[in-house]
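To start, the structure itself, in structure tokens.
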Amino acid sequence: MRTRVLVGLALASILVVAVGGVGWTQSSAVKLDEIVVQYPEGYTRVLGADLALLMGDATLREGVLSPLGAARHPLNGIRQAAELFRLDPQKLPWVAHGAGPNLSGFSIIDGAPFPQVFGALQGLKAAAGAPGSPYKHWEMVEIEGIPVIFTGGIFGPIPIEWAYIPLANRLWFGTEIGLGGPANTARLKASAERVVGRLTGRVGVFDEFVAAYATRGGALAFVRRTDLTRDKPAELGEEVMSYAVFFEGTTARVRFAIRFVSESAAQAALSNLLSGKSSYLAQDLYRAELGNRTISGRVLDFEVRTDLRGIVGLLILTMPS
């Protein structure tokens, strides 16, 4: 069964590569509504990104990706995975990272050809357990007919475990990092099973499609189901928040859409914005200036302007490592 699945994926990916063609590039508009429904229920935040733009533009590469690397942000993990599998960022339509309570973070690289990814994973298999190699194990299992590779080891002093799910032209991978102890392999396996359940249709979707659609576009786009006990920035009564980032040289315009539990909560949040008291204007490294704003019932839409440092701060706040 496993062999049939692998052969099928390989053939499908060859067809996809042939259709795409050499040198194909994508629009720098992240369609967050199409990305969020890839994630299974249980995940409560998703970040989508145009890695081609972020890697291809020297200003964004140095001003955004470089500091995110120092912060070990999930976007840097995606960048490292693309480098590991020798994927050309200019041929990747989009990448994404999702997180949720009691679930391992899982990333997606769209446009990753199965033969290329699986060949590199076979190389990791050869490295596992070799003298001096940080990789200590490599196992391929089948979950609902889909092959999943679990691998990991000790990198410096830190134990790291991964789950890779290579598809015809898309790669899912989950990560667990052990801080002060072993990596949580049980959570990684359970999260991989949930992702596979979404792929097979057994598990439902992260259903904030409408909120994600409100801020589709831009080079970065994000949506979360807000937890007021932990999420920043946030306003009282906030249910769901999404945003899209549009870069303009060394500055950026961010479009937010927030749904509240009541119209009065939305009005209170607007008052905080207008008085300069909102955390959406200042929080830790993030600083922004208010632009256009509208309110309709429980939904508050507004724009802010910030610099690249502000975008880095916003990404670290909303999708922490």
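The values are calculated or read from the model by the stated rules, or taken from the named source; none is laboratory data. This structure is a prediction, so every number in the text was calculated from the model and none was measured. Because the Cβ atoms are built from the backbone with ideal geometry, glycine has one as well, and the counts that use them run over all protein chains shown.
Overview of values
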read-out	value
Verdict on A82 being touching an Asp or Glu at 6+ places or on another chain (Cβ under 9 Å), at pLDDT 95 or above, closer than 26 Å to A186 by Cα and not in a strand (DSSP E or B)	yes
Those residues of the stretch 240-288 which are of a type in the set (K, R) and within 19 Å of V223 (Cβ to Cβ), in sequence order	R253, R255, R259
Top-ranked residue in the stretch 189-234 [being hydroxyl-bearing (S, T, Y) and in contact with a Gly (Cβ under 8 Å, 6 or more places away or on another chain); ranked as surrounded by the fewest Cβ atoms within 10 Å (Cβ to Cβ)]	T200
Qualifying residue in the stretch 296-308 (condition: of a type in the set (D, E), outside the structural domain of G69 (by TED's automatic domain parsing), surrounded by fewer than 15 Cβ atoms within 10 Å (Cβ to Cβ) and assigned to a strand (DSSP E or B))	no
Pairs with Cβ under 9 Å, 6+ apart, first in the stretch 90-108 and assigned by TED's automatic domain parsing to the domain that holds R230, second charged (D, E, K, R) and surrounded by fewer than 24 Cβ atoms within 10 Å (Cβ to Cβ)	none
Filter pass, N184 being closer than 18 Å to G98 by Cβ and not assigned by TED's automatic domain parsing to the domain that holds V240	yes
Residue list for the stretch 238-251, restricted to those being more than 15 Å from L47 (Cβ to Cβ) and either touching a Leu at 6+ places or on another chain (Cβ under 7 Å) or assigned to a strand (DSSP E or B) (or both)	E238, E239, F246, F247, E248, T250, T251
Selection count, the stretch 235-244, where residues are under 20 Å from the mean Cα position of the chain (by Cα) and crowded, with 22+ Cβ neighbours inside 10 Å	4
